[in-house]
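Have a look at the structure below, then the notes.
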Amino acid sequence: PKVDGLSVALEYENGVFVRGATRGDGLVGEDITYNLRTVKSIPLTLKEKIPYLCVRGEVYMPKKAFAELNKKRDENGETPFANPRNAAAGSVRQLDSKVAASRKLDIFIFNIQSAVGAPELSSHAESLDYLKMQGFTVSPSYRSFSDKEEICKEIERFGTERPDLEFDIDGAVIKIDSFAD
């Protein structure tokens with residue numbers, strides 16, 4: 001599933017989380033490290049102390065947390081957020097990290113951007129398994145398929161199950177598994 005949230009990059013040096021940023025304009029992102037440190041599912045240290053790792057993920061607000069937040073905003077006479085994506089994006093851009101921490105954000109990591117000292121990986125599935133081993137949360141729904149009919153059925157399944165997911169999606173992502181391909 002393509003999680004509907006805010007794309008961020010997380011950087012680790014010697015296995016320690018040092019920086020987090022938005023995608024920004026594609027070249028320069030907004031430094032939101034202090035708020036990303038409050039997302040409980042982001043590991044602050046990795047299992048392996050590799051020299052450098054940069055991963056990309058999608059920060060999102062679970063539907064339940066979104067409903068609770070809007071209920072509190074309504075009770076306080078504040079304008080409710082339009083959707084979980086806007087609430088998540090606004091939360092990680094807060095000046096007060098306590099506000100971000102109170103928003104119950106979560107993240108799925110979906111890609112390794114750059115790695116120094118990591119094992120050589122030949123497929124996307126291997127990279128997701130490696131990320132899980134390092135302590136990251138990856139999409140629980142990622143699967144490998146070998147023919148297009150299976151892919152189409154999976155996309156239809158996402159469409160059917162979309163209302164029951166704990167997070168909003170804005171589509172499906174299909175990736176070629178082999179990095180060589």
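The values are calculated or read from the model by the stated rules, or taken from the named source; none is laboratory data. Here the structure is a predicted model, which is why all the values come from computation and not from measurement. Here the Cβ positions follow ideal geometry from the backbone for every residue, glycine too, while neighbour counts run over all protein chains shown. Side chains included, ligands, DNA and RNA excluded: accessible areas come from the protein's heavy atoms. Shrake-Rupley method; radii C 1.70, N 1.55, O 1.52, S 1.80 Å.
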On the basis of being buried (at least 16 other Cβ atoms within 10 Å of the Cβ) and outside any strand (DSSP E or B), does Val99 make the cut?
no
May I ask you to verify whether Ala125 is outside any strand (DSSP E or B) and at pLDDT 90 or above?
yes
Identify, please: which residue in the range 102-135 is at positive phi and not basic (Lys, Arg) and is, among those, least open to solvent (accessible area, probe 1.4 Å)?
Gly135
Any idea how many residues of the range 1-32 are open to solvent by less than 70 Å² (accessible area, probe 1.4 Å), modelled with pLDDT under 95, of a type outside the set (D, E, K, R) and not in a strand (DSSP E or B)?
6
So which of Asp164, Asp177 is open to solvent by less than 70 Å² (accessible area, probe 1.4 Å), more than 15 Å from the chain's Cα centre (by Cα) and charged (D, E, K, R)?
Asp177
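Quick grid of which residues meet (1) among the aromatic types (Phe, Trp, Tyr); (2) under 24 Å from Ser139 (Cα atoms):
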position	(1), (2)
Val18	no, yes
Asp31	no, no
Tyr52	yes, yes
Met61	no, yes
Asn70	no, no
Glu75	no, no
Phe81	yes, no
The range 73-84 residues that are in contact (Cβ under 8 Å) with a residue 12 or more places away in the chain, paired with ones that are open to solvent by less than 70 Å² (accessible area, probe 1.4 Å) and of a type in the set (S, T, N, Q) (beta carbon under 8 Å, 6 or more apart)
Phe81/Asn70
